[in-house]
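Working notes, structure below.
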Amino acid sequence: MTRFADFHQRSLSDRDGFWAEQAELIDWHQPFEQVCDYDNPPFAKWFVGGQTNLCHNAVDRHLAARADQNALIWVSSETGQEQTYSFRQLHAEVQRMAACLQELGVKEGDRVLVYMPMIPEAAFAMLACTRIGAIHSVVFGGFASGSLASRIDDATPAVVVSADAGSRSGKVVAYKPLLDEALRLSVHKPRKVLMVDRGLAPFQRVAHRDVDYAPLREKHLKAVVPCVWLDATHPSYTLYTSGTTGKPKGVQRDTGGYAVALAASMKHIFQGQAGETYFSASDIGWVVGHSYIIYGPLIAGMATLMYEGLPIRPDAGVWWSLVEKYKVSLMFTAPTAVRVLKKHDDAFLTKYDLSSLRTLFLAGEPLDEPTAQWIAQGLGKPVIDNYWQTETGWPILTIANGVEKAPTKFGSPGFAMYGYDVKVLDDATGQELTEPNQKGVLVIEGPLPPGCMQTVWRDDQRFIDTYWKTIPGRMVYSTFDWGIRDADGYYFILGRTDDVINVAGHRLGTREIEESISSHPSVAEVAVVGVADQLKGQVAMAFVVVKDVNAIPDDAARLKLEGDIMKTVDSQLGAVARPSRVRFVTVLPKTRSGKLLRRAIQAVCEQRDPGDLTTIEDPSALQQIRDLL
Ligand code: PRX
């Protein structure tokens with residue numbers, strides 16, 4: 001047995017012993033009595049009886065040894081600002097933010113919704129929440145009012161923290177009007193809105209509700225707000241993600257298990273050392289931002305670089321200039337970003353001194369071989385793919401060079417990480433496929449390891465029904481990804497089994513997009529599918545049946561309506577969810593029982609064989625789509 005195989009084996013056969021050892025990587029206020037309580041599957045409780053605090057582990061515990069070392073490095077290539085915070089300064093800022101939240105009435109267990117661009121105050125807000133036991137719920141800044149309103153209603157936050165605006169490609173993107181509209185749409189009304197004014201977009205303040213951050217912070221400059229010791233199982237945050245239905249799920253994460261899982265991953269997978277710099281080019285609105293911009297690197301005592309901007313502005317060398325300037329040792333991004341860089345001059349990859357950089361980690365979508373090779377060769381650094389989900393919080397599949405150096409294989413994120421009992425199952429029979437190279441659904445045998453979701457926020461039944469009851473006769477966690485495992489234990493991911501698509505590393509539900517398009521008054525019916533795209537991995541494509549065909553007599557009318565429908569999606573969900581094209585048909589391909597044949601549409605769009613069509617109601621429906629393309 002290799003060292004890693006042994007390590008992995010032990011994580012499953014001596015689960016409690018294994019995780020008790022990992023738990024030593026963090027500080028505990030009160031030791032736990034039980035490592036894992038799995039008496040009520042699929043609900044796993046980790047480190048029961050223990051008390052700790054995420055913010056303490058990310059910030060306070062480093063004060064003794066590294067108070068003056070960089071903790072947060074913020075760079076905005078949009079506004080040209082750069083700001084660094086030592087652990088001491090971060091500690092002060094987080095306490096100021098925590099005092100502001102407390103003054104606005106936030107208490108332990110309350111939710112705080114964070115709708116912010118990539119600015120330091122967003123990090124302060126998240127850490128301030130976990131400091132005082134409030135549950136943060138970050139909503140990606142690219143989402144618009146409809147998405148935001150549904151999340152406000154589900155999370156029912158006491159306070160929303162937001163900002164006047166973000167900036168993208170040099171253009172100011174105002175947040176406040178979207179937030180105001182969301183708060184008009186939502187049933188739940190938070191007590192207060194805490195506004196960071198960057199001076200980018202003037203905004204209106206709603207009396208008795210909106211509070212400016214700067215003067216309130218000023219009032220709390222000397223704030224001392226101790227960490228609240230929380231049960232390991234206390235929810236630290238919820239993060240909404242898309243699934244099969246239109247209603248986003250609030251993925252709920254704990255405190256102790258998450259801290260341990262991240263600390264362990266920083267050691268075994270990422271190999272980050274305290275004092276070094278980690279640069280994760282993601283967004284705090286996504287899980288990568290939670291785990292590997294904010295908590296993971298800070299827990300490990302590393303400086304984390306938070307970046308607002310594009311990888312190609314002012315030019316395609318901007319990331320590498322930051323690697324040189326801040327001596328970044330580990331980098332994390334999504335393959336899409338690398339594909340964007342690949343369209344620019346290769347010379348940018350060698351223009352800067354990258355001697356500090358050890359490894360580039362990529363995740364979030366399939367990593368194609370040309371992209372992987374281009375970046376690995378161009379940088380002359382190892383590139384490590386890793387596969388996971390919002391639900392798991394840290395990698396399920398990758399290689400763990402901190403345990404044992406292992407080769408990577410193109411096209412594969414790697415093998416199952418410690419703690420994960422991954423299997424390939426036949427989706428129809430539930431049979432395990434043990435032979436190499438058989439295609440099935442990737443599942444994880446319970447209990448999910450520390451750091452993974454505890455439940456769906458306020459909906460235990462949905463957690464069970466959505467994730468644990470999809471395979472006949474087996475109570476296992478479904479990843480909703482197709483995959484195979486080769487003879488060496490390396491997995492290959494072959495796409496989602498549900499209606500989730502992955503656009504430029506952003507996870508989107510086609511049902512949400514369909515619901516938004518359906519709200520347009522001219523639309524009778526719609527199908528949205530994900531179609532393979534060279535740059536973005538996938539793009540959303542919409543096929544619409546209009547209520548009145550006479551309303552779109554010519555190309556000009558069709559183009560106008562296409563634009564209108566896109567605007568509807570932009571204003572409700574945000575531009576991230578906008579379909580690349582809206583096409584008009586007179587009928588959608590359905591089965592005789594009325595089920596939309598999304599897979600067949602997708603296959604036709606990708607010029608693949610649509611497979612068995614014996615149940616199709618009207619074969620001309622697919623032909624129409626073929627003709628359009
Ligand atoms: O389909 C898989 C794909 O992204 C999904 C999870 O997306 P999200 O919840 O946004 O979490 C991203 C965390 C990195 C998965 O179900 N996916 C993620 N990583 C990979 C991937 N597909 C192929 N290769 C990957 N490395």
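The values are calculated or read from the model by the stated rules, or taken from the named source; none is laboratory data. Since the model is a prediction, treat every value here as computed from it, not as a measurement. Every residue, glycine among them, receives a Cβ derived from its backbone with ideal geometry; neighbour counts consider all protein chains shown. What goes into the accessible areas is simple: the full protein's heavy atoms, side chains included, and nothing from ligands, DNA or RNA. Shrake-Rupley method; radii C 1.70, N 1.55, O 1.52, S 1.80 Å.
Does residue 473 satisfy being open to solvent by 30 Å² or more (accessible area, probe 1.4 Å), over 24 Å from residue 297 (Cα atoms), in contact with a Gly (Cβ under 8 Å, 6 or more places away or on another chain) and of a type outside the set (D, E, K, R)? It is true that residue 473 is open to solvent by 30 Å² or more (accessible area, probe 1.4 Å), over 24 Å from residue 297 (Cα atoms), in contact with a Gly (Cβ under 8 Å, 6 or more places away or on another chain) and of a type outside the set (D, E, K, R). Within region 226-236, does at least one residue satisfy the condition of being surrounded by fewer than 18 Cβ atoms within 10 Å (Cβ to Cβ) and more than 30 Å from residue 389 (Cα to Cα)? Yes, there is a match, as at least one residue in region 226-236 is surrounded by fewer than 18 Cβ atoms within 10 Å (Cβ to Cβ) and more than 30 Å from residue 389 (Cα to Cα).
Among the residues making up region 389-402, those that are surrounded by fewer than 24 Cβ atoms within 10 Å (Cβ to Cβ) and within 15 Å of the ligand (Cβ to nearest atom) are 389, 390. Annotation: of all residues in region 314-354 being away from the ligand (no atom under 16 Å from the Cβ), of a type in the set (Phe, Trp, Tyr) and open to solvent by less than 50 Å² (accessible area, probe 1.4 Å), the one that is farthest from residue 75 (Cα to Cα) is 348.
Kindly indicate whether any position in region 479-496 is assigned to a strand (DSSP E or B), within 30 Å of residue 362 (Cβ to Cβ) and more than 16 Å from the ligand (Cβ to nearest atom). Looking for residues that are assigned to a strand (DSSP E or B), within 30 Å of residue 362 (Cβ to Cβ) and more than 16 Å from the ligand (Cβ to nearest atom), one finds none in region 479-496, hence no. Filtering 434, 408 for residues that are open to solvent by 60 Å² or more (accessible area, probe 1.4 Å), assigned to a loop (DSSP other than H, G, I, E, B), out of contact with any Lys or Arg (no Cβ under 8 Å at 6 or more places or on another chain) and away from the ligand (no atom under 16 Å from the Cβ) leaves a single hit, 434. Remark: residue 410 falls outside the filter, which requires a residue to be more than 22 Å from residue 356 (Cα to Cα), touching a Gly at 6+ places or on another chain (Cβ under 7 Å) and not polar (S, T, N, Q).
With respect to residue 449, is the statement that it is open to solvent by less than 40 Å² (accessible area, probe 1.4 Å), at pLDDT 95 or above and in contact with a helix residue (DSSP H, G or I) (Cβ under 7 Å, 6 or more places away or on another chain) true? Judged against the criteria, residue 449 is a match.
Within region 500-523, restricting attention to residues that are more than 14 Å from residue 539 (Cβ to Cβ) and assigned to a helix (DSSP H, G or I), the residue that is farthest from the ligand (Cβ to nearest atom) is 518. Here the condition is being within 18 Å of the chain's Cα centre (by Cα), of a type in the set (Phe, Trp, Tyr) and closer than 25 Å to residue 147 by Cα; of 258, 213, 237, it holds for 237 alone.
Is at least one residue of region 112-127 open to solvent by 10 Å² or more (accessible area, probe 1.4 Å), part of a helix (DSSP H, G or I) and at pLDDT 95 or above? Yes, region 112-127 contains at least one residue that is open to solvent by 10 Å² or more (accessible area, probe 1.4 Å), part of a helix (DSSP H, G or I) and at pLDDT 95 or above.
Looking only at residues in region 286-313 that are without any contact (Cβ under 8 Å) to a residue 40 or more places away in the chain and open to solvent by 10 Å² or more (accessible area, probe 1.4 Å), which one is nearest to residue 91 (Cα to Cα)? Result: 300. Residue 194 fulfils the conditions (1) open to solvent by less than 20 Å² (accessible area, probe 1.4 Å); (2) free of Cβ contacts under 8 Å to residues at least 60 places away in the same chain; (3) assigned to a strand (DSSP E or B) except for a single criterion, (2).
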